[in-house]
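Every number here is computed from the coordinates shown, using simple stated rules; none is lab data. Remember, it's a predicted structure, so these values are computed and weren't measured experimentally. Reconstructed Cβ throughout: ideal geometry from the backbone, glycine too, with neighbour counts over all protein chains shown.
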Amino acid sequence: MTGCSVLIISLSVAVFINEVTPRSCRKYTQQVLLVSMDGFRYDYPEKANTPNFDKMERNGVRAEYVDSIFTTKTLPSHYSIVTGLYEENHGIIANAMYDPEFKDEFSIGSFPGSKWWDQGEPIWITARKHGLTSGTIHWPGGYIDIQGIRANKIHKYNQSVPFEHRVELAIGMLAKDKFNIVSLYFHEPDNTGHIFGPESAELVKMVEEMDTVLGKLLDKLKEHRLTDSVNLIVASDHGMATTNHDNKLINIYDLVDLTMIKSTLETGAIMQVVPEDGQVDSVIRAINRNPNLKAYKRDDLPELWRVKNNRRVMPVFVIANEGWTITNDTQLTRQNPRPGDHGYDSSLMTMKPIFYAMGPNFRSGVSVTPFKIIDIYPMICELLGIPPSPNNGTLNNTASFLRPCQDSQRMCNWLNFEGSNNSP
Ligand SMILES: [Zn+2]
């Protein structure tokens, strides 16, 4: 009997065991690299020369687009990808927040502590709870402890770290550490989309640079013989809309008297407002006189956005029409013009991100219909063979992306792989 046959018999025992348990846990290689390229709009690859994305499309799965969720902001959306939760359930509902229980403010640049993030459970924590291993590289919230657990290895966000080095870090975590799930974040093409706009030549150039980064990642996976074990997912958090601060900028204090407002949070596509006592209705009426803004009382926010049921949503929530910007300081906003922005209604096509996936457990050359970014978490749990923690995603929406592992050679590869992949 060959070593491989022994392993196949072992596998059939495992399959039998799985038949009496609710989940199949032995089908996949249990190794996933989740990559996010921030602000990568679904149609960017059609604007640029992207041979490496094309390669992923040919050899894996590509979605026409992904349905982002509201608010279409970086921290909230990235946390939804890794928790499978709507923003009202994981609590990161904007890039800037106030928590009335903590009496404390959250801001994107300050590495907020665990108390802000622990309403959700990210994939790198779920993995560890089930005896697997995980690493995070620059991922929003990737540095935190949840329930006293953190990823095995963490690289906190640092914009100055070159993209090639981030690729090396990911390959090290997969090849040397043999982590089961690694999440890797790039802040482009979001940054260029903001500075030059989504229709600019600079944006096209940056999309091509990100394609080159993807090419280096694919080369390294091959060089380190990881292509039979690693399922690669390249996703994004949201898209990007064209904005114009010369004639599509609205100062809230041109609409509402200063004395009616206690404080505001964030500027751009959305703004949260805390009116003075008894002024909520008057503030909303005043803002809604401008046809390019829509102000909601917290309880009146549309149900389908799934954002309102969280204590961090302020009494008045203002959202601008696509392309418009709301500010509390016109001069300051014009000093840092942003011809591109996001945060708008998630149903707008300009807010839709990409999804590509390729690897031993993904089908090949498949174009799939849109699904929600919250469906990515249960799919990764399935690939890792672990039960997902409570989430809002649906595995059925992505199950057709995966192929049943019926190739005996692949099973042997997987079992050999697993032998060196035991969790500590
Ligand atoms: Zn952004």
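For the chain, the relative contact order is 30 percent, taking Cα pairs closer than 8 Å that sit 6 or more residues apart in sequence and dividing their mean separation by the residue count.
To the nearest 20 debye, what is the magnitude of the charge dipole of the range 170-266 about its Cα centre, counting +1 on the Cβ of each Lys and Arg and -1 on the Cβ of each Asp and Glu?
Values: 9 positive and 16 negative charges, 114 e Å.
Here the size comes out at about 540 debye.
About its Cα centre, how strong a charge dipole does the range 249-337 have in debye, to the nearest 20, once Lys and Arg get +1 and Asp and Glu get -1 at the Cβ? Each step should come with its number before you reach the end.
On the way: 11 positive and 11 negative charges, 49 e Å.
Rounded to the nearest 20 debye, it is 240 debye.
Give me Arg311, Arg225 ranked fewest to most by other Cβ atoms within 10 Å of their Cβ, as a rough exposure proxy. Can you show the working numbers first?
Values: Arg311 16, Arg225 10.
Fewest-to-most ranking of Arg311, Arg225: Arg225, Arg311.
Between Gly197 and Gly340, the built amide H atoms are under 5 Å apart, and every one of these is 5 or more places off in sequence or on another chain.
Neighbours of Gly340 by Cβ distance under 11 Å: Lys/Arg scored +1, Asp/Glu scored -1, total -2. Taking the empirical scaling 2.2 N^0.38 Å for compact globular proteins as reference, the range 204-289 has a Cα radius of gyration ratio of 1.95.
Using a 10 Å cut-off around each Cβ, can you sort Thr330, Thr71 from fewest to most neighbouring Cβ atoms? Mind dumping the intermediate values first?
Numbers: Thr330 15, Thr71 29.
Fewest to most other Cβ atoms nearby, the residues stand as Thr330, Thr71.
Fully extending the segment from Glu64 to Tyr253 would add 64.0 nm, taking 0.36 nm per residue of separation and subtracting the current Cα-Cα distance. Summarising the label geometry, the points placed 7 Å from Cα in the beta-carbon direction at His224 and Gln335 lie 4.3 nm from one another. Could you tell me which residue out of Ser200, Asn95, Gln119 lies farthest along the dipole of the chain toward its positive end? Charges go on the beta carbon: Lys and Arg +1, Asp and Glu -1, centred on the Cα centre. It is Gln119, whose Cα lies furthest towards the positive end.
Going by neighbour counts of Cβ atoms within 10 Å, the residues Asp67, Asp104, Asp341, Asp38 line up, fewest first, as Asp104, Asp67, Asp38, Asp341.
Take the Cβ atoms of Arg289 and Ser107, set R0 to 30 Å, and the FRET efficiency comes out at 0.50. In the chain, the longest principal axis of the Cα atoms and the axis of helix 201-223 are about 20 degrees apart.
Roughly how many debye, to the nearest 20, is the charge dipole of the chain about its Cα centre, given +1 on each Lys and Arg Cβ, -1 on each Asp and Glu Cβ, and no other charges? Before the final figure, lay out the partial values.
Working: 42 positive and 49 negative charges, 232 e Å.
With Lys and Arg at +1 and Asp and Glu at -1, about 1120 debye.
Given Cα pairs under 8 Å that are at least 6 residues apart, what percent is the relative contact order of the range 249-337? Kindly include the intermediate steps, with their values, before the conclusion.
Working: 147 pairs, mean separation 35.5, N = 89.
In percent, rounded to a whole number, it is 40.
Amide H to amide H, with H built 1.01 Å from N, Tyr28 comes under 5 Å of no residue 5 or more places away or on another chain.
Note: the chain, Cα convex hull, 135 Å³ per residue. Overall, the anisotropy analysis places the range 63-222 in the oblate class: the square-rooted eigenvalues a ≥ b ≥ c of its C-alpha gyration tensor yield a/c not less than 1.5, with a/b not exceeding b/c. Modelled this way, with points 7 Å down the Cα-to-C-beta line, the labels at Arg363 and Asn191 are 3.8 nm from one another. Between Thr394 and Glu168, the modelled label-to-label distance comes to 4.5 nm, taking each label 7 Å out from Cα in the direction of the beta carbon. Using the Cβ-Cβ distance between Ser160 and Asp43 with R0 = 30 Å, the FRET efficiency computed as 1/(1 + (r/R0)^6) comes to roughly 0.50.
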